[in-house]
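Right, one structure below, let's go through it.
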Amino acid sequence: MKIQFLGATREVTGSSYLVANSKNHTVLVDCGLFQRSVIFEKKNFGLFDFNPQELDAVVVTHSHIDHIGRLPKLIKDGYNGKIYLTPPTFDLAGLMLEDSLGLMEDEFHHFKTPILFTEHDVIRMLGQCSTVDYKKSFSPAPGFTVTFFNAGHILGSAFILIEADGKSVIFSGDLGNTPVPLLKRISDPPRANYVVSESTYGSVLHETKPVRNQGLKEAINFVAQGRGTLIIPSFALERTQEVLYELNTLFEKKLVPQMPVYLDSPLANKVTKVFKKYISKYFNQRALETLMWDEDFFSFPGFSVSETAEESKLINQVLGPKVVIAGSGMMTGGRVLHHAKRYLNNPESMLLFVGYQVNSSLGRKILNGAKKVIIHNEFVNIRARVKALGAWSDHADSAQILKFILTAKPSAVFLTHGELKQMKGLGNSLEQQGIKVAIPKIRESFEL
Ligand SMILES: [Zn+2]
């Protein structure tokens, strides 16, 4: 078996790995978009490092764009085979790709930037999908056996066991920060000869869990006192539903002062509908118990969704205190920028990060303490309070990744999906346990 690393090497985006067996059959694991400071950077537009027409199958870990964003391009470039994913990943992938398409078309109209794929490619891609549940082994290509397991990261997320040529390798995808508010715990991995592991937080330990709610409660109390605005830049998928679920408890149980809460994201609202479809099968016991006293735990007094741009602008007319949840999660674009421009110079307001901020994103700059930033070609002074809730990460921390890898008992590990510093920290811990570690470079291949 041979693995070639085609993305997420020493960085957190563009996940894609090509696995070949001794008979030259090939399976691609993920086909993600490279996303650094801009959403559709040049690197995405080049030719694939393999011939898409000769590829046998694609398997998908989860529906984040940095794992699926180039799938329609793969179809456009000639891939005719099947794409295997879990049922929720299929539903969510459709929404996420439609959203990317919309962003791309907007950029095209404003700046004449090139289009990576069209709606036709997305529709064809969805037509080539085949859904498979967790723990049901299948053979996507001659000589390959593949099994999905719950990765506990976002709804439908999987880590993937691939067996071929008498060897086994686990692709971690993104590992969840178990326990999380909604999803079931990550499954224990089976034994495998090799693990290709993410390392987003490879040398970081998250805050302990109880802080998760406490931080949100303090933020609401802070803006209640000063009649400010609490801005939560949020990823439409999973993070927003978790925030809504926790806000639901705080507001329904009157643990915080009542105030309007706006979900200023049509995409997040569509994603929430997919979540409701899968509650019984994919949600954990705590979430199911909440249903006993609140049959819709994504909605509460004061909550509303802003669908149109007009509705989004109306939020400005409502005096504080109030909460606005809007994308994008790393402030690289989207409606959150309009709110940031309006409220970040107000010391009574707060910007609360609940997710990972990639290097060079606006979110990371502000989190690192920038006092003045440029938004939509305007200078904005940051006088609002800025906080991050580490416990909210949807990625496992170094202890959780280590436990995952040690459970699989591999002889060697390949570290991907992380910044080099994170990889080195995790690599040292693994080597201390007698496990060989490689940190592949882009296009590097390994014969297993
Ligand atoms: Zn992810």
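The values are calculated or read from the model by the stated rules, or taken from the named source; none is laboratory data. These figures come from a predicted structure and were not determined experimentally. Here the Cβ is made from the backbone with ideal geometry for all residues, glycine too, and neighbour counts use every protein chain on show. Heads up: the accessible areas ignore ligands, DNA and RNA and are worked out on the full protein's heavy atoms, side chains in. Shrake-Rupley method; radii C 1.70, N 1.55, O 1.52, S 1.80 Å.
In the range 41-57, the residue that is farthest from Ser157 (Cα to Cα) out of those that are in contact (Cβ under 8 Å) with a residue 60 or more places away in the chain and either surrounded by 14 or more Cβ atoms within 10 Å (Cβ to Cβ) or among the hydrophobic types (A, V, I, L, M, F, W, C) (or both) is Phe45. Kindly provide the set of residues from the range 187-199 that are in contact with an Asp or Glu (Cβ under 9 Å, 6 or more places away or on another chain) and either of a type in the set (A, V, I, L, M) or surrounded by fewer than 18 Cβ atoms within 10 Å (Cβ to Cβ) (or both), ordered by number. Across the range 187-199, the qualifying residue is only Ala192.
Sort out for me the strands (runs of 3 or more DSSP E) sitting completely within the range 327-414 that have 2 or more residues that are open to solvent by 30 Å² or more (accessible area, probe 1.4 Å) and over 25 Å from Gly7 (Cα atoms).
Hits in the range 327-414: 372-375, 378-381, 385-388.
Just give me the residues in the range 145-169 being under 16 Å from Leu18 (Cβ atoms) and buried (at least 22 other Cβ atoms within 10 Å of the Cβ), in sequence order. Across the range 145-169, the qualifying residues are Val146, Ile160, Ile162, Ala164, Val169. The set of residues from the range 67-108 being of a type in the set (Asp, Glu), at pLDDT below 95 and in contact with a Leu (Cβ under 8 Å, 6 or more places away or on another chain) comprises just one member, Asp99. Kindly indicate whether any position in the range 61-82 is outside any helix (DSSP H, G or I) and of a type in the set (A, V, I, L, M, F, W, C). No.
Gly173 meets each of the listed conditions (1) touching a Ser or Thr at 6+ places or on another chain (Cβ under 7 Å); (2) within 16 Å of the ligand (Cβ to nearest atom); (3) at pLDDT below 95 apart from (3).
Here is the figure for the range 392-429: residues that are of a type in the set (Val, Ile, Thr) and either within 15 Å of the ligand (Cβ to nearest atom) or modelled with pLDDT under 95 (or both) total 2.
Being closer than 28 Å to Thr240 by Cβ and in a loop (DSSP other than H, G, I, E, B) is true for just one of Gly418, Gly434. Which residue is that? Can you show your working first?
Numbers: Gly434 fails: closer than 28 Å to Thr240 by Cβ.
Gly418 is the lone residue from the list that is closer than 28 Å to Thr240 by Cβ and in a loop (DSSP other than H, G, I, E, B).
Asn221 meets all of the listed conditions (1) without any contact (Cβ under 8 Å) to a residue 40 or more places away in the chain; (2) open to solvent by less than 60 Å² (accessible area, probe 1.4 Å); (3) in the same structural domain as Ala8 (by TED's automatic domain parsing) but one, namely (3).
When Lys184 is tested against (1) at pLDDT 95 or above; (2) surrounded by 24 or more Cβ atoms within 10 Å (Cβ to Cβ); (3) closer than 22 Å to Arg286 by Cβ, exactly one condition is not met: (2). Note on the range 200-215: residues that are of a type outside the set (Ser, Thr, Tyr), open to solvent by less than 20 Å² (accessible area, probe 1.4 Å) and out of contact with any helix residue (DSSP H, G or I) (no Cβ under 6 Å at 6 or more places or on another chain) amount to 1.
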